[in-house]
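Here the structure is laid out as structure tokens; the discussion comes afterwards.
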């Protein structure tokens, strides 16, 4: 009987001693952590996608708490609402960033860009790109092995079997940039989502001279420069036989789309051309498709209320 | 018991179909396109422009650094343009395109067939001549030859090893060179020995070429310090490190060059080019390549001018067989498939292999069964199955510590894998990334 008593007492004594030691050690080696880090982390979406450029949401939260000004930080998943929430926690004024979306800048479908050879190596775009120029005559375009789709953590992409190109589902895309990094040919770009998801962009990255580009792909940018001349806002630059539309300068007038001889410039989610934008006579979208729109959107915080996602999926 | 290297290795079917076909001379094409980057290192800088008249052997692009090589015109005629054209991998690279007109050689080149045995040039002069002639390693790696011959201070060369192994299946160009140009090769070897200041040279030949071994052994009696070393047929014996291990039983430490163990390796084709450059003043503008394939009408060996389209070589050997599934530039183990036959043959073209369709297609890749065959055949003692996964998972630090950079890309692992896994594809990818990381650290 006494053995049990002694054992219990001894264990209690050890426990108490250890507790006292641990208490003092804990005091001594205490690490102060800003409690706001936990709070901010709580506010973040916990997707841990790395789209912000930091290792996970915790890493991002630490960086946010440390920063004096969080204007240049953006959680692509949560977007403006989350950032304003974070701003409220940290006591910063947050300007809403323009939402962006991944855009595929290649329209080299099986039809537009015929295959010249067949690849049977390991099914990885990076490996194919390191070996050779790809299955078509275009050395710049989509390799069609779907590494971007594998990289997407949000099910926002899939490979279209018919075209051989990836498709970005705009509603699901959080613009984390994982696909942009995954693509060895740098075809995917994060562009401003635009008012009502309306966007104009050059859907081609071919830097070859016109004749070569056109031979490889029917809808390649041939670097003719017509769009550059046409653009009233100097938004288009031509470099290495390739036109690029600066989305900060573009006022979505769509004049370039009409003049492009190869249909390399795409317009998305615009109403059909003939019956001008008549359907919504409210404030937002009547004529302002043209000039004044951009100035308005610069200061105005808005576009948070998910830009009337009536529009269909994109990137055909 | 014949010598061979100490670790791993495989023995694929040899298929040396063209071994008995003597070297023929490929007709000069109407136009040649000569890429300015046919070697490892910085691309050469063109020194000719449109409408310039050039002669055979004239310098048309100048070496642009220590690790770079001169490029000479292989034909006489007019420069049509200097433009980007598609190379063997489908990317567009700068090339000099020359319209051929006649066949007028530079006067400095000695075109006689006489064997010049007397080596009058001194050590420095030999290396200078080799650099001027734009000679690169003709085994396929195309590393500028003069760089290898310039022994860095603090190191001494003890032995020259001539790589006459030709371990790639199908290829026979080195074999034919040894049989038909044996004396020239051996004089070239002596020139290389003089350049390095060594008195011993070993010519390593696999025993699937008994006639070449017999022929060179007979000739070698007339040349001081050259020994012929028959080797057991084993792929990849033609790898520098494997050949050194096989012939002189020395192991090169990880990351080091052969000079670390006192050896310098040169290909037998390079030895011939060195002979021609030093004794005959002839720059490197032609070489011998094999064209082969099981359904090809006439598997054969051809001496061609650099810049000749691949198409011409195929036509010369009887045209493209109907069942061709893949055209491989080089041998079946390390060669690369071509995307078009319009690309030019270059200094590094040792052969062209036309694979029939059923042999060309890769089999479906299945999960790793952990048999360890890739580990046992790896001549560098690596673990390919593991490196593949690490490369796929982008674990670059681990790849580096697992010595991925030691991989010689011989493809033995992919060849032997019973699950048909594309091991080398991924390892090469990892190697590229780790190499980038290591360079950026410097």
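Nothing in this text is a laboratory measurement; each read-out follows from the coordinates by a stated rule. As the structure is a prediction and not an experimental result, all values here were calculated from the model. So basically every Cβ, Gly included, is an ideal-geometry build from the backbone, and we count neighbours across all protein chains shown.
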Inset, instruction - Give, in nm to one decimal, the length gained when the segment between residue A:249 and residue A:95 is fully stretched (0.36 nm per residue of separation minus the Cα-Cα distance). - result: 53.5 nm
Legend entry - chain B: calculated mean residue ellipticity at 222 nm from DSSP helix runs of at least 4, using -39500 (n - 2.57): -8000 deg cm²/dmol
Legend entry - Prolate/oblate/rounded label for segment B:245-331 (Cα gyration tensor, a/c 1.5): oblate
Inset, instruction - Using the number of other C-beta atoms within 10 angstrom as an exposure proxy, rank B:178, B:1, A:83 with the fewest first. - result: B:1, A:83, B:178
Legend entry - q = 0.14, 0.17 Å⁻¹: log10 I(q)/I(0) that the Debye formula gives for segment A:100-299, counting C-alpha atoms only: -0.85, -1.19
Inset, instruction - Compute the relative contact order of segment B:2-140 as a whole-number percentage, counting only Cα pairs closer than 8 Å that sit 6 or more residues apart in sequence. - result: 22
Legend entry - Spin-label pair residue A:237/residue A:267, simplified geometry with 7 Å Cα→Cβ offset, distance in nm: 2.5
Legend entry - Spin-label zone in segment A:67-101 - amide nitrogen under 19 Å from a point set 7 Å from the Cα of residue A:48 along the C-beta vector: A:75-78
Inset, instruction - Per DSSP H run of at least 4 residues, take -39500 (n - 2.57); add these up for chain A, divide by its residues and hand me the 222 nm value, nearest 500 deg cm²/dmol. - result: -9000 deg cm²/dmol
Inset, instruction - Please report, in Å, the Rg and the Dmax of segment B:1-138, where both are computed over Cα atoms only. - result: 19.0, 60
Inset, instruction - Find the centroid of the Cα atoms in segment A:33-64 and in segment B:368-412, then give the distance between the two in whole Å. - result: 36
Inset, instruction - In whole angstrom, note down how far apart the Cα centers of segment B:142-202 and segment A:164-215 are. - result: 51
Inset, instruction - Mind pulling the angle between the C-alpha long axis of helix A:79-90 and the longest principal axis of chain A? Nearest 10 degrees, somewhere in 0 to 90. - result: 30
Inset, instruction - Arrange B:105, B:302 by Cβ neighbour counts within 10 Å, fewest through most, would you? - result: B:105, B:302
Inset, instruction - Using all C-alpha to C-alpha distances in segment B:100-140, build P(r) with 10 Å bins and read off the rounded percent in each one. - result: 19, 39, 36, 5
Legend entry - Beta bridge orientation in segment B:123-280: antiparallel %, DSSP, nearest 5: 5
Legend entry - DSSP-defined beta bridges in the protein assembly as shown - what % are antiparallel, rounded to 5: 70
Inset, instruction - Choose one answer from B:172, B:339, B:270: the residue with the largest mean-square fluctuation in a GNM of chain B with alpha-carbon springs under 10 Å. - result: B:339
Inset, instruction - Kindly state, to the nearest 0.05, the FRET efficiency for residue B:364 paired with residue B:11, given R0 = 25 Å and r defined as their beta-carbon distance. - result: 0.50
Legend entry - Efficiency of FRET between residue B:24 and residue B:118 - r from beta-carbon atoms, R0 45 angstrom, step 0.05: 0.90
Legend entry - Tail weight of P(r) past 52 Å, computed on alpha-carbon pairs of the protein assembly as shown, percent: 29
Inset, instruction - Could you check what % of the DSSP bridge pairs in chain B are antiparallel, to the nearest 5? - result: 60
Inset, instruction - Quickly work out the residue B:315-to-residue B:104 label distance, labels modelled 7 Å from Cα along the C-beta direction, and quote it in nm with one decimal. - result: 2.6
Inset, instruction - Could you line up A:130, B:300, B:440, A:124 from fewest to most neighbouring Cβ atoms inside 10 Å? - result: B:440, A:130, A:124, B:300
Legend entry - Segment residue A:153-residue A:2, extension gain: residue separation times 0.36 nm, minus the distance between their alpha carbons: 48.1 nm
